[in-house]
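Have a look at the structure below before the remarks.
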There are 2 protein chains.
Amino acid sequence: MLEAAAREKALHEAEQACARRGAQLTPLRRQVLGLVLEAESPVGAYALLDRLKAARPGAAPPTVYRALDFLLEHGLIHKVERLNAYIGCSDAGHGHAHDHGHPHQFLICRRCGATAEIIDHAVAHAIAAAAERAGFVVSEATVEIEGLCARCAAA
Amino acid sequence: MLEAAAREKALHEAEQACARRGAQLTPLRRQVLGLVLEAESPVGAYALLDRLKAARPGAAPPTVYRALDFLLEHGLIHKVERLNAYIGCSDAGHGHAHDHGHPHQFLICRRCGATAEIIDHAVAHAIAAAAERAGFVVSEATVEIEGLCARCAAA
DNA sequence: AATCGGATGGAACACTATATCATCGGGCGA
DNA sequence: TCGCCCGATGATATAGTGTTCCATCCGATT
Ligand SMILES: [Zn+2]
Ligand SMILES: [Zn+2]
Ligand SMILES: [Zn+2]
Ligand SMILES: [Zn+2]
């Protein structure tokens with residue numbers, strides 16, 4: 001997802017964001033975040049586990065799931081439900097001070113697997129309005145749009 | 001989800017819709033659809049399997065997954081990704097003649113589990129516009145809104 | 001020192017979904 | 001009628017995803 005330099009920057013910003021929030025981005029959590037950020041596409045928990053084992057042979061499923069839970073909780077990553085996979089937040093640390101991420105949407109390419117996070121306020125507003133009309137109090141909305149990315153659609 | 005009378009009606013309409021499409025709603029598939037429709041909330045594949053075993057002791061995971069695939073394919077049910085569960089389409093057979101369902105959104109109550117399908121064109125249009133702007137060709141969009149339903153929010 | 005709480009180690013297990021091969025049975029042409 | 005094809009089902013095994021539970025460690029507090 002990110003090149004080495006951008007990744008280091010993102011990790012540093014994550015540290016600062018956690019510090020501001022009184023959360024500890026421990027070495028393990030930071031390492032898992034690094035693995036998520038260096039993946040090309042959303043990455044599954046067991047793929048992360050395999051990579052994590054290179055550095056920590058004793059790692060087991062709870063190791064990675066606990067780290068993922070922390071990163072989700074603090075808005076540093078998102079889960080892509082349709083893929084059962086995780087991806088770095090493209091907007092991590094940029095303000096929104098609440099507990100679990102922020103409104104966002106994903107564009108998932110069926111062909112190449114590229115997944116882009118977008119933040120479209122019109123979509124968010126339409127969802128809020130539709131829920132409101134039903135007397136529903138929104139806490140979080142999953143929006144995952146599947147199809148062909150610009151590159152693959154052109155080919 | 002539906003009372004016995006409404007369920008029978010829905011099953012009958014499903015048969016007609018399948019006949020029109022040249023698909024066979026076999027006894028097994030019809031039975032699984034019936035189990036989905038009689039569930040109170042979205043129901044998992046293995047819960048369906050347990051119930052199916054009452055009538056078909058030999059049923060196994062592929063039995064139910066194959067039936068679910070057929071029902072999804074023909075737009076008779078939807079999958080709720082956040083719950084890994086399945087729910088009857090509230091609009092089955094009402095026109096849309098394409099292969100895999102239709103644009104829709106779910107309102108999922110965190111407290112009571114009630115899940116309602118809505119069809120909000122403003123949401124669909126906002127999603128189409130956002131994708132268009134990114135040069136993305138939409139094939140299907142998952143919209144799952146989590147929060148508190150009107151009943152639970154009032155309490 | 002005693003205690004407490006968050007973080008990690010580690011084994012086992014639960015839940016969700018698919019792969020693969022065998023079998024059955026209706027439709028259809030030789 | 002016989003043989004063949006093909007979609008549906010039976011049955012076993014396996015893959016993939018996520019959780020529970022208990023133990024341990026370590027720094028902070030009292
Ligand atoms: Zn984000
Ligand atoms: Zn693509
Ligand atoms: Zn529907
Ligand atoms: Zn509710």
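The values are calculated or read from the model by the stated rules, or taken from the named source; none is laboratory data. Everything numeric in this text was worked out from a predicted model, so none of it was measured. Note that each Cβ is placed from the backbone with ideal geometry, even for glycine, and that neighbours are counted across all protein chains shown. Ligands, DNA and RNA are excluded from the accessible area calculation, which covers all protein heavy atoms including side chains. Shrake-Rupley method; radii C 1.70, N 1.55, O 1.52, S 1.80 Å.
Amide H neighbours of A:Ser139 under 5 Å, at least 5 residues apart or on other chains, H built in the peptide plane: list them.
For A:Ser139, whose amide H was placed from the backbone, the distant partners under 5 Å are B:Glu146, B:Gly147, B:Leu148.
Suppose R0 equals 30 Å. What FRET efficiency, 1/(1 + (r/R0)^6) with r the Cβ-Cβ distance, do B:Asp69 and A:Ala60 give to the nearest 0.05?
0.35
Ratio to report: Rg/Rh of the stretch A:2-155, with Cα atoms as the point set and Rh obtained by the Kirkwood method; give two decimals.
Expressed as Rg/Rh, it is 0.99.
Highest first, please rank the peptides B:70-76, A:6-12 by the mean number of other Cβ atoms sitting within 10 Å of their residues.
Going by the mean number of other Cβ atoms within 10 Å, highest first, we get B:70-76, A:6-12.
Probe radius 1.4 Å, ligands and nucleic acids left out: can you give me the accessible area buried at the A-B interface, summed over both chains, in Å² to the nearest hundred?
2700 Å²
Per-residue HN-Hα couplings for the stretch A:101-109, Karplus 6.51 cos²θ - 1.76 cosθ + 1.60 at θ = phi - 60°, whole Hz, x for Gly and Pro?
Per-residue couplings from phi come out as x, 6, x, 7, 9, 10, 10, 10, 7 Hz.
Have a look at A:Glu132, A:Glu140, A:Glu13 and tell me which one the Gaussian network model of chain A (Cα, springs below 10 Å) gives the largest fluctuation.
Ranking A:Glu132, A:Glu140, A:Glu13 by mean-square fluctuation puts A:Glu132 first.
How much FRET efficiency would the formula 1/(1 + (r/R0)^6) give for A:Thr26 and A:Ala5, where r is the Cβ-Cβ distance and R0 is 30 Å, rounded to 0.05?
Rounded to the nearest 0.05, the efficiency is 0.80.
Under the definition of partner shielding as Cβ atoms of other protein chains within 10 Å of a residue Cβ, what is the mean value for peptide A:146-155?
Partner Cβ neighbours, averaged per residue: 4.
Mind jotting down a quarter of the surface of the convex hull over the alpha carbons of the stretch B:51-138, in square nanometres, one decimal?
It is 7.8 nm².
At 1.4 Å probe radius, can you tell me the per residue accessible area of the protein assembly as shown in Å²?
Accessible surface, normalised per residue, equals 51 Å².
Could you please state, rounded to a whole Å, how far the C-alpha centre of the stretch B:105-123 is from the C-alpha centre of the stretch A:83-155?
Result: 17 Å between the Cα centres.
Rounded to whole Å and ordered largest first, report the semi-axes of the equivalent ellipsoid of the stretch A:1-70 derived from its Cα gyration tensor (root of 5λ).
Listed largest to smallest, the semi-axes of the stretch A:1-70 are 19, 16, 10 Å.
Counting partner chain Cβ atoms within 10 Å of every residue's Cβ in B:128-135, what's the average?
5
Counting only protein heavy atoms and a 1.4 Å probe, tell me what percentage of the stretch B:1-59's accessible area is made up of carbon and sulfur.
After summing per-atom areas, the C and S share lands at 51 percent.
Quick query: amide H of A:Ile77 versus all other amide H atoms, modeled in the peptide plane; which residues come in under 5 Å with a sequence gap of 5 or more or a different chain?
HN-HN under 5 Å from A:Ile77: A:Leu72, A:Cys89.
Is the C-alpha gyration tensor of the stretch A:90-155 telling us rounded, prolate or oblate? Criteria: a/c under 1.5 is rounded; beyond that, a/b larger than b/c is prolate, otherwise oblate.
oblate
What average count of beta carbons from other chains do you get within 10 Å of the Cβ of residues in B:115-125?
Counting Cβ atoms of other protein chains within 10 Å of each residue's Cβ and averaging gives 4.
Out of all DSSP beta bridges with both ends in the stretch B:30-152, state the antiparallel percent to the nearest 5.
70 percent
Based on alpha-carbon positions alone, could you give the equivalent ellipsoid semi-axes of the protein assembly as shown from the gyration tensor, as √(5λ), descending, whole Å?
They are 37, 22, 20 Å, listed from largest to smallest.
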